[in-house]
1. Could you list all residues from segment 226-258 that are under 17 Å from residue 283 (Cα atoms) and in a helix (DSSP H, G or I)?
2. Only residues that are surrounded by fewer than 16 Cβ atoms within 10 Å (Cβ to Cβ) and either modelled with pLDDT of 85 or more or touching a strand residue (DSSP E or B) at 6+ places or on another chain (Cβ under 7 Å) (or both): list them for segment 117-138, please.
3. Please tell me if residue 335 is without any contact (Cβ under 8 Å) to a residue 12 or more places away in the chain, touching a helix residue (DSSP H, G or I) at 6+ places or on another chain (Cβ under 7 Å), under 28 Å from residue 237 (Cβ atoms) and buried (at least 17 other Cβ atoms within 10 Å of the Cβ).
4. Residue under question is residue 80, and the condition is that it be closer than 28 Å to residue 284 by Cβ, at pLDDT 85 or above and in contact with a helix residue (DSSP H, G or I) (Cβ under 9 Å, 6 or more places away or on another chain); does it hold?
5. Of the numbered conditions (1) within 21 Å of residue 300 (Cα to Cα); (2) assigned to a loop (DSSP other than H, G, I, E, B); (3) at pLDDT 85 or above, residue 162 satisfies every one except a single condition; which is it?
6. Looking at the structure I just gave you, is residue 294 assigned to a helix (DSSP H, G or I), free of Cβ contacts under 8 Å to residues at least 40 places away in the same chain and in the same structural domain as residue 346 (by TED's automatic domain parsing)?
7. Out of curiosity, is residue 245 without any contact (Cβ under 8 Å) to a residue 40 or more places away in the chain and either crowded, with 22+ Cβ neighbours inside 10 Å or within 20 Å of residue 203 (Cβ to Cβ) (or both)?
């Protein structure tokens, strides 16, 4: 029997099934699933190819039933051009052959990898192949969903009804918030004040997402201006619990939101959940481009009322920022005591560490659950005991002792304009090209973030083991130490000894070979 070709639609189904499984299926399991679904078998190489980045574009939307496409001769150019096509569609526009050809020629001259090569003709045949590879079709344009709301109260009733059908662990909320990561506590704090110097408002965007009980907090996405700040190079951000992305305004845009949604879908797997979001244009565009699988129900919160109905806005984000600023104030105090300027010594690595600690360790489950109840998304809207406020009295007192005319604590915790949300930016072709090439143009804000960090001496495994043994001795002589505390240290000590043994074995092998 001749081999039967696999279509893009079938590849898309396989990728979706694979990404929604809690435990990653083996290639054999993928072959069996495909056989059950489509009644013909595929090889392990086909499975491997289908799950590779070669077919990553199928995660963005619908796929055709065409079995084979001619591979792209200029894949980087097509990736940029396809993102441009999506941006045009997201703003209600359409493209023609002349527009795509003009943009392809413009893109060609801006890609360093193609420098010195003859420019292609970008013929009608090439355009048809490009459209087929990316499933670009002419579609009827419909009005924006939810553009004619009834009333916020009536809409939230529908949200409550849907949420009432799900366990609280399966109800999620995501939002964005700005953070002035090195905001001043006093305008005269700089060691060398410059006349007319503006107050430092270096801003990044935090993207938190959690379920109603706080038992499942997704990694904190952080959006800045620089593509890869030097302070973050070599840092395992996945282990810290964060992801770094960049955009022109350091704010959420459609491209980043599509990527966030796909990460959320993978995180949820096959569970049946609700994701609540506000009507930010980037959210709506991204959902249109990357619709959720059937087990994930996206619910839009009533427009222009997120301050009332958005769970994260009921105190979760504020709690996160207060804990961040507690770390920042302590850093300022230590810097003054060491006769250094905190504004020139803080780097983004420390900011991300503080954000992660605040998100995972300081914001407690009670605060999260109470804010979901307060938003009335979860019913009944019961009033729970207020968690104790974050105590910054000792830190603020220490600031007052060191800084003349220190700001009121309320202004330190809530800088003006920090939470001002920006509408989804009009992503330009230049912005899209910068997302794909290795060396984007650096804006002033990106240069500001991309400061050279001080040299870091990374300890050896042996030095880490010695430090761990010191910590163990310290813990064993404290009355407050619990049995489980020492078990954690035991576990990490075994891990370090395994690394040391592996390093020694490799060194012995290398010596024997040489």
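The values are calculated or read from the model by the stated rules, or taken from the named source; none is laboratory data. A quick note: this is a predicted structure, and the numbers were derived from the prediction, not measured. Backbone-built Cβ (ideal geometry, glycine too); neighbour counts: all protein chains shown.
1. As a first pass, look at segment 226-258 and keep what is under 17 Å from residue 283 (Cα atoms): 245-247, 249-258.
Across segment 226-258, the qualifying residues are 254, 255, 256, 257, 258.
2. Within segment 117-138, 117, 118, 119, 120, 121, 123 qualify.
3. Working: without any contact (Cβ under 8 Å) to a residue 12 or more places away in the chain: yes; touching a helix residue (DSSP H, G or I) at 6+ places or on another chain (Cβ under 7 Å): yes; under 28 Å from residue 237 (Cβ atoms): yes; buried (at least 17 other Cβ atoms within 10 Å of the Cβ): yes.
Taking the combined requirement at face value, the residue satisfies it.
4. So residue 80 passes the test.
5. (2)
6. Working: assigned to a helix (DSSP H, G or I): no; free of Cβ contacts under 8 Å to residues at least 40 places away in the same chain: yes; in the same structural domain as residue 346 (by TED's automatic domain parsing): yes.
Against the criterion (assigned to a helix (DSSP H, G or I), free of Cβ contacts under 8 Å to residues at least 40 places away in the same chain and in the same structural domain as residue 346 (by TED's automatic domain parsing)), residue 294 does not qualify.
7. Values: without any contact (Cβ under 8 Å) to a residue 40 or more places away in the chain: yes; either crowded, with 22+ Cβ neighbours inside 10 Å or within 20 Å of residue 203 (Cβ to Cβ) (or both): yes.
The answer is yes for residue 245.
Residues checked against (1) more than 28 Å from residue 79 (Cβ to Cβ); (2) at pLDDT below 85; (3) in a helix (DSSP H, G or I):
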position	(1), (2), (3)
16	no, yes, yes
21	no, yes, no
29	yes, no, yes
32	yes, no, yes
35	yes, no, yes
42	no, no, no
47	no, no, yes
56	no, yes, yes
